[in-house]
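Engineer: A single structure is presented below for examination.
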Amino acid sequence: MTEEGVLDRYRLQGVKVRVVRDGLEMNDVIGIVVAWDDDSVMIRKPNRRVVKLSRAYDYRPADEPRAVVDETQAGDRA
């Protein structure tokens, strides 16, 4: 789970993040952190739509290399 301080830094600095949800890169969500609570994070995508995602996913700056996700763990997050 991503820590409060990290999410707050991403939001305040306007960092574009990549949310890795599974092993397929086409399923990643890229956008800006808008808000969060104990269980979820709101991300504004480039098309201005807002999506609500689990905090269990991996949140990293979009300009960093994509992290590899273990498929067995990805099924536990859904």
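The values are calculated or read from the model by the stated rules, or taken from the named source; none is laboratory data. Being a predicted model, the structure only gives us computed values, none of them experimental. We place every Cβ from the backbone using ideal geometry, glycine too, and count neighbours over all the protein chains shown. Accessible surface is based on the protein model in full, side chains and every heavy atom, while ligands, DNA and RNA are left aside. Shrake-Rupley method; radii C 1.70, N 1.55, O 1.52, S 1.80 Å.
Engineer: Given M26, M42, which one is in a strand (DSSP E or B), open to solvent by 60 Å² or more (accessible area, probe 1.4 Å) and either at pLDDT 90 or above or touching a helix residue (DSSP H, G or I) at 6+ places or on another chain (Cβ under 8 Å) (or both)? If you could, list the steps in order and put the result at the bottom.
Structural biologist: Working: M26 fails: in a strand (DSSP E or B).
Result: M42 is the single residue among M26, M42 that is in a strand (DSSP E or B), open to solvent by 60 Å² or more (accessible area, probe 1.4 Å) and either at pLDDT 90 or above or touching a helix residue (DSSP H, G or I) at 6+ places or on another chain (Cβ under 8 Å) (or both).
Engineer: Here is a follow-up. When you look at R49, is it out of contact with any helix residue (DSSP H, G or I) (no Cβ under 7 Å at 6 or more places or on another chain), surrounded by 10 or more Cβ atoms within 10 Å (Cβ to Cβ) and at pLDDT 95 or above, yes or no? Write out each step before concluding.
Structural biologist: Numbers: out of contact with any helix residue (DSSP H, G or I) (no Cβ under 7 Å at 6 or more places or on another chain): yes; surrounded by 10 or more Cβ atoms within 10 Å (Cβ to Cβ): no; at pLDDT 95 or above: yes.
Spelling it out, it is not the case that R49 is out of contact with any helix residue (DSSP H, G or I) (no Cβ under 7 Å at 6 or more places or on another chain), surrounded by 10 or more Cβ atoms within 10 Å (Cβ to Cβ) and at pLDDT 95 or above.
Engineer: Go through (1) touching a strand residue (DSSP E or B) at 6+ places or on another chain (Cβ under 7 Å); (2) open to solvent by less than 40 Å² (accessible area, probe 1.4 Å); (3) in contact (Cβ under 8 Å) with a residue 24 or more places away in the chain for G31 and report which single condition fails.
Structural biologist: (3)
Engineer: Do any residues in segment 1-28 that are closer than 11 Å to A67 by Cα have Cβ atoms under 6 Å from those of residues that are part of a helix (DSSP H, G or I), where the two are at least six apart or on different chains, and which pairs are they?
Structural biologist: Once the first residue is closer than 11 Å to A67 by Cα and sits in segment 1-28, its partners that are part of a helix (DSSP H, G or I) give R21/N27; D22/A74; G23/E71.
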